[in-house]
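The values are calculated or read from the model by the stated rules, or taken from the named source; none is laboratory data. Predicted, not measured: the structure shown is a model, and the values here were computed from it. Backbone-built Cβ (ideal geometry, glycine too); neighbour counts: all protein chains shown.
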Amino acid sequence: MHSPLPDMDLTLEGARKLDLLDPLRSFRKEFHVPKKGDGSDTIYLTGNSLGLQPKSTRSAVLEVLDDWEQFGIEGHFKAKRPWMPYHEFLTETMAQLVGASSSEVVVMNSLTVNLHLLMASFYRPEGKRRKIVIEQHAFPSDRYAVRSQIGWHGFDPNEDLIVATSEDGEPILEESTIEKLLEVHKNEVALILIGGVNYYTGQFFDLARLAKATHAAGAVFGVDLAHAAGNIQLSLHDWDVDFAAWCSYKYLNAGPGGPSGVFVHERHGNVDWSDPSVKPSLRLSGWWGHEADSRFAMPNEFIPMKGAEGWQLSNPPILSLAGLRASLEVFGKVGMPALTEKSRSLTRYMEQQILSRCGDSVEIITPSDPSRRGAQLSVRLKASGESNTPEKLNTPTPNATSQAPAASGKAVFHALEKAGVICDWREPDTIRLAPVPLYNTFEDAYWFAIELEKALK
Ligand SMILES: *Cc1c(COP(=O)(O)O)cnc(C)c1O
């Protein structure tokens, strides 16, 4: 399954040729790539944890500082880009990235905060229907968030949290397993919250299929897109996702702690509140979600804005939005179709580089099917003596797991660090890599595999 493709030139010349042919090659120059001690570029492969800084970010942030200096409070209306509607400047590109209409998307707060706000509306446990389903290897913050939601409603997370787990013990979780689970717990599941791209394995779930299965079970379908936004072309509206949230500092390059995006399907948000027959969604409210025209009349009664904007609480952090604005401009120029095309060939190339040089010592747990992953490879270091046969992988012997690779594995990771490779280590034995199509090169993939081969020796 993982043998190198015959037509792939894995030499340094081959990698350089692919870079020359890459239609997106000029975009790397629009980013600051961290340097090694000798002034050369690091091999930066953690764009899935913190994306690199676009060179245009500085002026976008300075523009806000200058306007504040010049106008004080009047910057809300007089700034080059007035702060009052500033978040709206982000909406269109953001909506395109996730496949939504503008009224279904808003940028606000940070990710875990938004998950809670959305669950306040969309996790409404009642009677027997109160369970939440998440995926195995879910990101810790999501796990903490759903457990606390269950507890917040007075239920026991040990009883009402269901972790969907693969049937064969493998890291990849089949959609059919989740479907079966939903079928079994049909009358008990209130919500499924899934990582659209699982942070650990890099697996991209078939969200349309899961939305359908979730709705058939009478539950709500929510998605955490932290590792999917800016990585994979999404169609949240058409896939019938109920709600979603994501951060902007990973593939979206908005800078550390960058603001979060939120999606609320129009059937929940885009309704006419003035129609007395409409029952407004339950939500926690703040003044920024109040209808904009009358917000400053400071009325006593809360009249929500239409669409996702109605979920806003506070006036947003403009300096952070500025970083996101600069970054989204880059995405607007490239577009997801071109990005996806390069992403697929770069990830495939890196996969082949790794397997051809280090295939005996590592296993890539990320799905090899390009429709089931984005720009990520999770590379598991095999324990010494661990066999290469598929049977062995399915049923690890006690020996294989107790021969913990952690000590030597961590040494491999440190050797990579020393060689100027910036990647990510997950206990006990996995290195995560993100070959980001906006700024990583085929040559990066080549050098990574060379350095990994050296580090494994
Ligand atoms: C990165 C990430 C987070 C981080 O949450 P913050 O609230 O932005 O700190 C949460 N969930 C997932 C799935 C992530 O990948």
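Among the residues of region 219-261, what is the count of those that are more than 9 Å from the ligand (Cβ to nearest atom) and closer than 14 Å to residue 434 by Cα?
Looking only at that region, the number is 8.
Here are 269, 258, 289, 332: which of them is under 19 Å from residue 105 (Cβ atoms) and surrounded by fewer than 16 Cβ atoms within 10 Å (Cβ to Cβ)?
Sole residue among the options that is under 19 Å from residue 105 (Cβ atoms) and surrounded by fewer than 16 Cβ atoms within 10 Å (Cβ to Cβ): 332.
Pull up region 136-169, narrow it to residues that are closer than 24 Å to residue 111 by Cβ and among the small types (Gly, Ala, Ser), then point me to the one that is nearest to the ligand (Cβ to nearest atom).
It comes out as 141.
Of the residues in region 166-207, how many are surrounded by fewer than 15 Cβ atoms within 10 Å (Cβ to Cβ) and β-branched (Val, Ile, Thr)?
Looking only at that region, the number is 1.
If a residue has to be more than 16 Å from the ligand (Cβ to nearest atom) and part of a helix (DSSP H, G or I) to count, how many in region 98-134 make the cut?
5
Go through region 292-329 and give me each residue that's surrounded by fewer than 22 Cβ atoms within 10 Å (Cβ to Cβ), modelled with pLDDT of 90 or more and of a type in the set (Asp, Glu).
The answer is 329, and nothing else.
Does region 143-194 hold any residues that are of a type in the set (S, T, N, Q) and assigned to a helix (DSSP H, G or I), and which are they?
If the condition is that a residue be of a type in the set (S, T, N, Q) and assigned to a helix (DSSP H, G or I), then 148, 149, 158, 176, 177 are the ones that fit.
For region 67-103, name all the residues that are of a type in the set (Asp, Glu) and free of Cβ contacts under 8 Å to residues at least 12 places away in the same chain.
69, 74, 88, 92
Has region 148-155 got any residue that is in the same structural domain as residue 196 (by TED's automatic domain parsing) and buried (at least 22 other Cβ atoms within 10 Å of the Cβ)?
yes
The rows are residues; the columns are (1) free of Cβ contacts under 8 Å to residues at least 40 places away in the same chain; (2) touching a Phe, Trp or Tyr at 6+ places or on another chain (Cβ under 6 Å).
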{"position": "197", "(1), (2)": "no, yes"}
{"position": "207", "(1), (2)": "yes, yes"}
{"position": "222", "(1), (2)": "no, yes"}
{"position": "243", "(1), (2)": "no, yes"}
{"position": "261", "(1), (2)": "no, yes"}
{"position": "264", "(1), (2)": "no, yes"}
{"position": "274", "(1), (2)": "yes, no"}
